Amino acid sequence: MTHVRHACPALSAPMETGDGLLVRLLPTGPIPLDAFIGLCAAARAHGNGVMEITARGSVQVRGLTPISAPLFVAQVAALDLDICEGVAVIADPLPDDPTALIDAHGLAAALRRAIAAAMLVLAPKVSVVVDGGGRLGLDALFADIRLRALATPEGPKLQLALAGDAASATPLGVLSVEEAVDTVLALLTSIAAVGPGARAADLLPAPNAGARVATTPQSRPQAIGRHPLKDHAVALGLGLAFGQAQAEMLAELARLAQINGAGWLRPAPDRALLLGPLSAASASAMTQAAQARDFVVEAADPRRRIAACPGAPACAHGLIAARALAAEIARHVTLHGDGIAIHVSGCAKGCAHPGSAPLTVVGTSQGCGIVRDGAAQAAPSAFCNPADLVGVLDRILGKARETVDA
């Protein structure tokens with residue numbers, strides 16, 4: 001079975017892309033390093049060797065074929081990975097977080113079991129976020145149903161919200177941890193009753209300007225960097241340049257982590273990897289080794305502010321070399337602030353960043369199309385040759401800064 005775009009390319013249903021079939025795996029917890037090395041070997045043997053960490057913390061394996069995909073599935077099944085199938089229930093990425101208010105992973109596991117037992121027919125992209133209120137939050141993730149732990153005089157409670165990220169979702173109220181499974185299951189049942197393509201937004205009344213009270217996102221660290229764990233250990237967060245790396249390089253990183261005493265690897269939202277547990281000295285050694293292999297080791301790395309798909313020639317749909325252009329932009333264009341500033345898309349599908357960006361560069365038959373404050377599907381306001389792109393973006397951003405300063 002092959003999924004079409006707008007569905008979710010699960011292990012049992014790869015999705016067709018420009019460079020073959022793509023499989024997306026959503027781990028439910030830390031992956032033992034030996035198992036992750038085995039996953040890398042399977043990606044190299046049966047795909048094109050390219051692996052990605054998505055903005056939601058999933059692992060993507062690219063370049064499978066109709067013949068190799070079943071072999072990949074069989075090899076991955078033998079690794080006995082703990083993978084979320086069906087409704088995506090995403091919990092805190094940091095294991096053993098001493099700052100967490102609740103056991104988000106335990107609650108997420110209970111939700112997965114209840115949802116599976118209910119056998120609801122839901123849209124492929126319906127998702128649930130369980131934010132335990134710890135060091136690394138999930139505020140940026142869009143979800144149909146959001147649960148976020150809050151400290152109250154009576155103990156930890158859960159704030160419930162629908163259809164959005166932490167800033168845009170509609171709050172419904174506060175409930176106890178014990179009420180969470182039944183409440184979420186009731187909401188998912190209501191969504192399913194609307195129809196197989198329904199989402200949580202369909203349960204909300206028509207938008208009414210001024211009626212919504214948005215949740216204020218918490219200020220928490222980014223995944224890149226060191227994070228304290230229990231027993232004086234740390235987890236080290238690293239990034240993949242534009243979310244992508246070769247399987248062999250990722251396997252090498254995992255082997256180095258083993259040598260330095262780590263036992264697990266955890267894909268995390270915002271295209272990051274967490275390694276742990278590590279001592280402070282081992283974390284320093286791993287940081288140096290990762291930097292030497294072109295992994296992102298600083299949250300301020302400009303590559304974190306650019307979203308890019310594989311583009312040409314890796315993707316048959318790509319009309320520009322998106323990743324190569326993104327690397328040039330990161331080297332030569334000054335970017336300020338947080339979040340995605342530039343989206344470089346090989347074609348108008350906009351796979352790497354479906355939403356709007358301050359600047360989107362899209363591959364067209366006329367070269368690089370420039371879209372301001374829009375998505376890859378929008379009509380470009382200007383075009384340029386790929387060789388001139390860095391200079392064009394530098395001028396656009398320079399004028400924007402001059403306008404702000406004025």
* Asked: Do you know which residues across region 271-291 are surrounded by fewer than 23 Cβ atoms within 10 Å (Cβ to Cβ) and under 16 Å from residue 90 (Cβ atoms)?
  -> none
* To do: For region 191-210, name all the residues that are more than 27 Å from the chain's Cα centre (by Cα) and not in a loop (DSSP other than H, G, I, E, B).
  => 193, 194
* Structure fact -> residue 33 fails exactly one of (1) touching a Lys or Arg at 6+ places or on another chain (Cβ under 9 Å); (2) within 27 Å of residue 157 (Cβ to Cβ), namely (2)
* To do: For region 242-293, name all the residues that are modelled with pLDDT under 95, under 23 Å from residue 321 (Cα atoms) and outside any strand (DSSP E or B).
  => 242, 243, 270, 271
* Please state which one of 77, 108 is among the small types (Gly, Ala, Ser), over 30 Å from residue 206 (Cβ atoms) and buried (at least 17 other Cβ atoms within 10 Å of the Cβ). => 108
* To do: For residue 148, indicate whether it is under 24 Å from the mean Cα position of the chain (by Cα), at pLDDT 95 or above, on the phi < 0 side of the Ramachandran plot and assigned to a strand (DSSP E or B).
  => yes
* Given 348, 387, 379, 322, which one is outside the structural domain of residue 269 (by TED's automatic domain parsing) and within 21 Å of residue 53 (Cα to Cα)? -> 322
* Asked: Looking at residue 61, is it surrounded by 21 or more Cβ atoms within 10 Å (Cβ to Cβ), under 25 Å from residue 125 (Cβ atoms) and outside the structural domain of residue 258 (by TED's automatic domain parsing)?
  -> no
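The values are calculated or read from the model by the stated rules, or taken from the named source; none is laboratory data. These figures come from a predicted structure and were not determined experimentally. Note: ideal-geometry Cβ built from the backbone for every residue, glycine included; neighbour counts use all protein chains shown.
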